[in-house]
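Structure, as structure tokens:
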Amino acid sequence: MAITQTDPTVTTVSAVVSVRIPDGTGFDLTTEAEQRLAALEGVRAVSIDGLREIQPGLSATVATVAVTIEATVTVDELRERLAETVCIDAIDQLTPDAT
């Protein structure tokens, strides 16, 4: 008898998101943004494509980054999870990559 293993479908999206990073985290802004995005449920991999904007604040800095995200959820589910995450200030763009 053959055993079949199905891997979850991977969705790759390009996004521009604003991530709130508390002061004193000990990492650079892009690494911290990457770690916070990668911690979302359903996200397999995150790569920072570029830092777009930095908005310093009193207790946190908002870093707007262009990213590529590989997720095991749909684009709509990913958008919901990003919107519900406390450290995400804005989702400026979220588009699936052409495959």
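The values are calculated or read from the model by the stated rules, or taken from the named source; none is laboratory data. Note that this is a predicted model, so its numbers are computed, not measured. Methodologically, a virtual Cβ is constructed for each residue, glycine included, from the backbone with ideal geometry; neighbour enumeration extends over all protein chains shown.
Return the total of residues in segment 67-94 being in contact with a Leu (Cβ under 6 Å, 6 or more places away or on another chain) and more than 15 Å from Thr11 (Cα to Cα). Break it down stepwise before answering.
Keep residues of segment 67-94 that are in contact with a Leu (Cβ under 6 Å, 6 or more places away or on another chain), which gives 71, 79, 81, 88, 91.
Next, only the ones that are more than 15 Å from Thr11 (Cα to Cα) stay: 88, 91.
Result for segment 67-94: 2.
Rundown of residues vs (1) among the small types (Gly, Ala, Ser); (2) touching an Asp or Glu at 6+ places or on another chain (Cβ under 8 Å), yes/no style:
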| position | (1), (2) |
| --- | --- |
| Thr9 | no, no |
| Val19 | no, yes |
| Arg36 | no, no |
| Leu40 | no, no |
| Leu51 | no, no |
| Glu77 | no, no |
| Arg81 | no, yes |
| Ala90 | yes, no |
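The conditions of being closer than 18 Å to Val10 by Cβ, under 11 Å from the mean Cα position of the chain (by Cα) and modelled with pLDDT of 95 or more are met by Val46. Return the residues of segment 41-52 that are of a type outside the set (Gly, Ala, Ser), assigned to a strand (DSSP E or B) and farther than 16 Å from Ile21 by Cα; say none if nothing qualifies. Listed by number, the residues that qualify are Val43, Arg44, Val46, Asp49. Go through segment 53-99 residue by residue and tally those that are assigned to a loop (DSSP other than H, G, I, E, B), crowded, with 16+ Cβ neighbours inside 10 Å and in contact with a Gly (Cβ under 8 Å, 6 or more places away or on another chain). The qualifying residues number 1. Annotation: of all residues in segment 12-44 being closer than 17 Å to Thr95 by Cβ and among the small types (Gly, Ala, Ser), the one that is surrounded by the fewest Cβ atoms within 10 Å (Cβ to Cβ) is Ser14.
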